[in-house]
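Written below as structure tokens is the structure these notes are about.
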Amino acid sequence: VLEEKSQIIEKTNQDLQARLKELSLLHEFSHKITSTLELDDLGTILSNFIVHTLGFKEFVFLVLDETEKVLEVKVAEGFEEDSHVYGMGFKPGEGITGRVWNKRQTYYIPDTRMEVNYLYYKGENRQDGSFLSIPLLFKNKVRGVLNFFRQDVNQFSSEEIQFLNTLAVEIGIALVNIKLYSKTRELSVR
């Protein structure tokens, strides 16, 4: 009985340490992006954090262009030709990114071979694996989308998806702040 209780306590301690690490990372990231008022700076901070701190090799950051009504790729990591992906746009309902935009919900594909709507970034990334797409929301309105890819199937745990969703909330707020700052600057010039 004591051995069982000891294992339960050890497991609980490990879980608490993992949550503490996540909170620390979230605090660090939040601190960095709250002082950012330019979209390019946000993209750089996001890229560094996701690639170097979280260890993702392949991800895409898309931002809503309200005049064109399209989600446009602003940051792309892990493509053979990143330049082919920059500026690529997705309309509502187009591929998984467009579906996430329409439904305003995270969408996880454990195996991209089983999903007919997965577009492989319009042919730029023909690899199969796991794909995660998360909307960047503010007041239930999509401001952008984060897409993550891993080359093997079933590569995202529920805890990791939950953490990335929390990260997405912070990014959504940062996008709104950047937009407000840009409008204020534009009005002050006028």
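The values are calculated or read from the model by the stated rules, or taken from the named source; none is laboratory data. Nothing here was measured: the structure is a model prediction, and the numbers come from that model. Don't worry about glycine lacking a Cβ; one is built from the backbone with ideal geometry, like all the others, and counts go over all protein chains shown. For the accessible areas, the whole protein counts, side chains as well, though only heavy atoms, and no ligand, DNA or RNA atoms are used. Shrake-Rupley method; radii C 1.70, N 1.55, O 1.52, S 1.80 Å.
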**Request:** Lys and Arg at +1, Asp and Glu at -1: add these up for the other residues within a Cβ distance under 13 Å of VAL145 and post the number.
**Result:** +4
**Fill in**
Zone reached by a paramagnetic label modelled 7 Å from LEU26 Cα along Cα→Cβ, restricted to segment 50-70 with backbone N below 12 Å, covers none
**Request:** Roll a 1.4 Å probe over the protein chains and send me the accessible area per residue for segment 77-190 in Å².
**Result:** 55
**Other-chain or far-sequence residues with amide H under 5 Å of LEU137's (modelled H)** = ARG143, GLY172
**Asked** Considering only Cα-Cα distances, which of the following residue pairs are longer than 22 Å: LYS74/LYS122; LYS32/LYS179; LYS57/LYS139?
**Response** LYS57/LYS139
**Message:** Residues of segment 1-23 with the amide nitrogen closer than 15 Å to a label point 7 Å from the Cα of ASN165, along Cα-to-Cβ, please.
**Reply:** none
**Request:** Can you figure out the FRET efficiency of SER157 with LYS179, using R₀ = 35 Å and their beta-carbon distance, to the nearest 0.05?
**Result:** 0.60
**Asked** Amide H to amide H, which residues 5 or more places from LEU119 or on other chains are under 5 Å from it, using H placed in the peptide plane?
**Response** ILE96
**Prompt:** If you stretched the chain out fully between GLU186 and ARG126, how much longer would it get, using 0.36 nm times the residue separation minus the C-alpha to C-alpha distance?
**Reply:** 17.5 nm
**Fill in**
Two pseudo-spin positions, 7 Å from Cα along C-beta at ASP65 and at SER83, lie apart in nanometres by 1.9
